[in-house]
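K.L.:
Have a look at this one.
Every read-out reported here was derived from the displayed coordinates using simple, explicitly stated rules and does not represent laboratory data. Everything numeric here is computed off the predicted structure, so don't read it as measured data. Here the Cβ positions follow ideal geometry from the backbone for every residue, glycine too, while neighbour counts run over all protein chains shown.
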Amino acid sequence: MQVWKFGGTSVGKPERMQSIRQLITEDGKPKIVVLSALSGSTNALLSISESLIAKNAADAQTKAAALRAHYDTFITELYHTPAGLGKGQAIVEKEFNFIDSLIDTVPYTLKEEKEMVALGELLSTQIFEAYLQEEGVSSTLLPALDFMVIDADNEPIMADISAKLAATLTPVKDKQIFVTQGFICRNPAGEVDNLKRGGSDYTASLIGGAIQADEIQIWTDIDGMHNNDPRIVKNTFPIRELSFAEAAELAYFGAKILHPSTITPAKIKGVPVRLKNTMEPSAFGTLISEKSTDIEIKAIAAKDNITAIYIHSTRMLNAYGFLKRVFEIFEKYKTPVDMITTSEVSVSVTIDQTVNLDAIMRELREFAELEDPDKDQVIICIVGNFWADKEGIAIKVLDAIKNIPIRMISYGASEHNISLLVDAKHKNDALNALNEGLF
Ligand code: ADP
Ligand code: ASP
Ligand code: MG
């Protein structure tokens with residue numbers, strides 16, 4: 001079985017939904033189809049939520065009415081039969097009544113906010129599945145909230161997902177198309193939760209891993225992983241093949257086409273991931289698998305909102321145990337460290353989760369001297385084959401960005417990654433300069 005995921009723009013217009021019906025049924029093979037919310041819906045739901053947090057229910061009602069009008073028009077254009085449209089109307093009516101009940105909930109808490117943002121995927125999947133029924137496709141809904149579970153650290157519980165998904169699939173196994181929600185899940189309290197923005201990619205990979213799929217396909221609005229961020233750099237091009245390790249680095253370090261955690265479940269279970277373009281289905285896209293190619297420099301990505309912390313040992317030389325104490329503090333506050341550079345008495349690290357920054361700084365100060373952290377930094381990650389005995393790579397990279405001030409450099413941690421830290425104001429220039437110098 002294959003798992004195919006369609007993102008917001010791929011389901012964002014009635015004619016797009018109609019064309020993905022064509023795509024998923026063409027080969028007659030069974031598939032699990034993971035859908036995102038219609039493009040713009042998650043943002044609209046979050047905006048309703050913001051009004052409610054600001055205790056402005058009237059504003060929330062106006063925004064909800066505008067969103068509902070969008071869905072009313074959408075379903076009128078999607079369905080061809082009165083019966084189909086009737087089903088669509090019943091879905092929209094039910095879910096917008098629920099939005100109204102959330103608007104009326106006092107106090108409106110994080111729990112309600114998570115129920116609110118889940119509605120994008122709940123709407124898109126029900127609307128699409130009703131459309132498949134109208135078209136006579138053998139299909140069923142698999143409610144993600146019945147099987148997609150996370151633990152107290154927000155980590156998906158793979159064994160439980162496998163067991164619950166198998167139980168959900170068994171009674172409907174003779175169907176051809178299984179439609180499910182991306183992004184949403186349940187937390188240990190049994191409440192509705194989510195896998196963070198862009199999380200539908202992660203859902204697809206978790207399902208692909210859980211059922212040991214033949215392949216996971218991520219369908220989006222571009223013809224695969226490009227060699228650089230196409231929103232910032234002109235003349236980028238798709239990369240045909242990437243290894244799991246290379247794709248994981250690019251996703252983690254900011255290539256928006258994939259949620260940062262997408263590759264992990266696929267890699268663990270050895271399930272290939274193919275990135276495809278809904279607008280141009282015949283384009284090759286990108287195949288991500290165990291295999292690597294020999295191309296020296298493959299792609300560049302950038303991760304925003306990075307904070308750099310500069311730590312100096314107050315003891316003099318040979319202070320072993322210093323790094324251990326430093327990292328224990330990051331562990332205590334569950335704050336991942338992305339980049340590290342060291343000298344004899346100093347260590348600099350970067351983080352992107354800053355909720356506990358003050359507490360981390362306070363505890364570090366007990367045994368170290370700190371400089372003011374630099375906020376608003378960007379990690380630029382260059383991915384390729386940088387084997388240890390290969391000469392000339394660092395000079396190429398540094399020469400390409402010789403006019404950009406660099407705060408930190410990390411080289412040699414893996415054979416696939418060179419990372420540079422620059423101030424956010426230099427991000428676009430750095431990506432463009434690297435593109436020119438390296439490709
Ligand atoms: P979806 O809604 O289908 O999940 P996203 O907007 O999350 O789509 O991801 C696709 C977008 O990612 C592309 O339109 C492109 O602008 C952006 N993007 C950023 N970096 C890259 C890259 N290296 N390769 C391809 N797309 C990228
Ligand atoms: N709808 C969610 C979001 O906008 C998840 C996704 O699209 O992947 O972030
Ligand atoms: Mg996405």
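K.L.:
Amide H to amide H under 5 Å from His259: which residues, 5+ apart in sequence or cross-chain, H placed 1.01 Å off N in plane?
P.N.:
Asp201, Tyr202
K.L.:
As I understand it, the value is the acute angle between the Cα axis of helix 82-103 and the longest principal axis of the Cα atoms of the chain; what does it come to in degrees, rounded to 10?
P.N.:
Long axis of 82-103 versus the principal axis of the chain: about 50 degrees.
K.L.:
What is the magnitude of the charge dipole of region 192-306 about its Cα centre, with +1 placed on the Cβ of each Lys and Arg, -1 on the Cβ of each Asp and Glu, and no other charges, expressed in debye to the nearest 20? Working shown, then result.
P.N.:
Working: 13 positive and 15 negative charges, 42 e Å.
Result for region 192-306 is approximately 200 debye, rounded to the nearest 20.
K.L.:
In whole Hz, what ³J(HN,Hα) sequence does region 231-247 give by Karplus (6.51, -1.76, 1.60; θ = phi - 60°), x for Gly and Pro?
P.N.:
Working through the residues one at a time gives 7, 10, 10, 7, 6, 7, 9, x, 9, 6, 9, 9, 7, 3, 4, 5, 5 Hz.
K.L.:
What is the diffusion coefficient of the chain in µm²/s, taking the Kirkwood radius over Cα pairs and the Stokes-Einstein relation at 4 °C with a viscosity of 1.567 mPa s?
P.N.:
Details: Rh = 23.6 Å.
Approximately 55 µm²/s, per Stokes-Einstein.
K.L.:
Between Ser139 and residues 5 or more places away or on another chain, which pairs have amide H atoms under 5 Å apart, with H built 1.01 Å from N, and which residues are they?
P.N.:
Placed amide hydrogens put Gln176, Ile177 under 5 Å from Ser139.
K.L.:
Given the peptides 331-341, 172-182, 134-144, arrange them by the average over their residues of other C-beta atoms within 10 Å, most packed first.
P.N.:
On the way: 331-341: 15.5, 172-182: 19.7, 134-144: 18.0.
The packing order, highest mean first, is 172-182, 134-144, 331-341.
K.L.:
Strictly greater than 14 Å: what percent of every Cα pair in region 391-439 meets that?
P.N.:
Values: 580 of 1176 pairs.
For region 391-439, the share of Cα pairs beyond 14 Å comes to 49 percent.
K.L.:
For region 1-46, what is the largest minus smallest coordinate of the Cα atoms on each principal axis, given in angstrom and ordered from greatest to least?
P.N.:
Largest first, region 1-46 extends 37, 21, 9 Å along its Cα principal axes.
K.L.:
Can you give the Rg to Rh ratio of region 133-208, both from alpha-carbon atoms, with Rh computed by the Kirkwood formula?
P.N.:
Values: Rg = 12.9 Å, Rh = 12.9 Å.
Dividing the radius of gyration by the Kirkwood radius yields 1.00.
K.L.:
Enumerate the calculated ³J(HN,Hα) couplings along region 403-420 in order (Karplus 6.51 cos²θ - 1.76 cosθ + 1.60, θ = phi - 60°), each rounded to whole Hz, writing x wherever the residue is Gly or Pro.
P.N.:
9, 10, x, 10, 8, 9, 9, 10, 9, x, 5, 10, 7, 10, 9, 10, 10, 10
K.L.:
While we're on this one: Expressed as a whole percent, how much of the Cα-Cα distance distribution for region 351-423 exceeds 18 Å? Numbers along the way, then the final one.
P.N.:
Working: 1391 of 2628 pairs.
More than 18 Å apart: 53 percent of the Cα pairs in region 351-423.
K.L.:
Hey, what's the Cα Rg ratio for region 276-435 versus the globular rule of thumb, 2.2 N^0.38 Å?
P.N.:
Working: Rg = 18.3 Å, N = 160, 2.2 N^0.38 = 15.1 Å.
Relative to the rule-of-thumb radius for its length, region 276-435 sits at 1.21.
K.L.:
Whole-Hz Karplus ³J(HN,Hα) for region 147-161, in order, using 6.51 cos²θ - 1.76 cosθ + 1.60 and θ = phi - 60°, x for Gly and Pro?
P.N.:
9, 8, 10, 10, 9, 5, 8, 6, 9, x, 9, 4, 5, 5, 4
K.L.:
At what distance in angstrom do the alpha carbon centres of region 261-327 and region 159-183 lie from each other?
P.N.:
Region 261-327 and region 159-183 have Cα centres separated by 30 Å.
K.L.:
If you average the sequence gap of Cα pairs under 8 Å that are 6 or more apart and divide by the length of region 195-296, what percent do you get for the contact order?
P.N.:
On the way: 194 pairs, mean separation 37.6, N = 102.
Value for region 195-296: 37 percent.
K.L.:
Considering only Leu275, Thr354, Ala308, whose Cα is most displaced toward the positive end of the charge dipole of region 272-403, charges sitting on Cβ of Lys, Arg (+1) and Asp, Glu (-1)?
P.N.:
Comparing the listed Cα positions along the dipole, Leu275 ranks first.
K.L.:
For region 1-94, report the convex hull volume of the alpha-carbon atoms normalised per residue, in Å³, without decimals. Walk me through the numbers before you get to the answer.
P.N.:
Values: hull volume 10.4 nm³, N = 94.
Each residue corresponds to 111 Å³ of Cα convex hull volume.
K.L.:
Same structure again: Could you give the C-alpha radius of gyration of region 224-304 expressed as a fraction of 2.2 N^0.38 Å, taking N as the number of residues it contains? All intermediate terms of the calculation are to be shown ahead of the outcome.
P.N.:
Values: Rg = 12.0 Å, N = 81, 2.2 N^0.38 = 11.7 Å.
Scaled against compact globular proteins, the figure is 1.03.
K.L.:
Given just the C-alpha atoms of region 40-181, how large is their convex hull per residue in cubic angstrom? Walk me through the numbers on the way to the answer.
P.N.:
Values: hull volume 16.7 nm³, N = 142.
Spelled out: Cα convex hull of region 40-181, divided by residues, is 118 Å³.
K.L.:
Work out the charge dipole of the chain with +1 on the Cβ of Lys and Arg and -1 on the Cβ of Asp and Glu about the Cα centre, then indicate which of Val34, Gln212, Leu67 is farthest towards its positive end.
P.N.:
The residue sitting most towards the positive pole is Gln212.
K.L.:
Here's something else I'd like to know. Averaging the inverse of every distinct alpha carbon separation and then flipping it gives the Kirkwood radius. What is it for region 160-282, in angstrom units? Please report the intermediate quantities before stating the final value.
P.N.:
On the way: mean 1/r = 0.0639 Å⁻¹.
It is 15.6 Å.
K.L.:
Moving on to the next point. Please report Ser348, Ser343 as a ranked list, fewest other C-beta atoms within 10 angstrom at the top and most at the bottom. Don't skip to the end; give the middle numbers.
P.N.:
On the way: Ser348 20, Ser343 9.
Taking fewest neighbouring Cβ atoms as first place, the list is Ser343, Ser348.
K.L.:
Between Lys175 and Thr354, what length comes free when the chain is fully extended (0.36 nm per residue of separation minus the Cα-Cα distance, one decimal in nm)?
P.N.:
Numbers: separation 179, 0.36 × 179 = 64.44 nm, distance 4.61 nm.
This chain segment gains 59.8 nm when fully extended.
K.L.:
Calculate the dipole size of the chain relative to its Cα centre from +1 charges on Lys and Arg beta carbons and -1 charges on Asp and Glu beta carbons; express the result in debye to the nearest 20. Before the final figure, lay out the partial values.
P.N.:
Details: 44 positive and 60 negative charges, 56 e Å.
The dipole of the chain has a size of about 260 debye.
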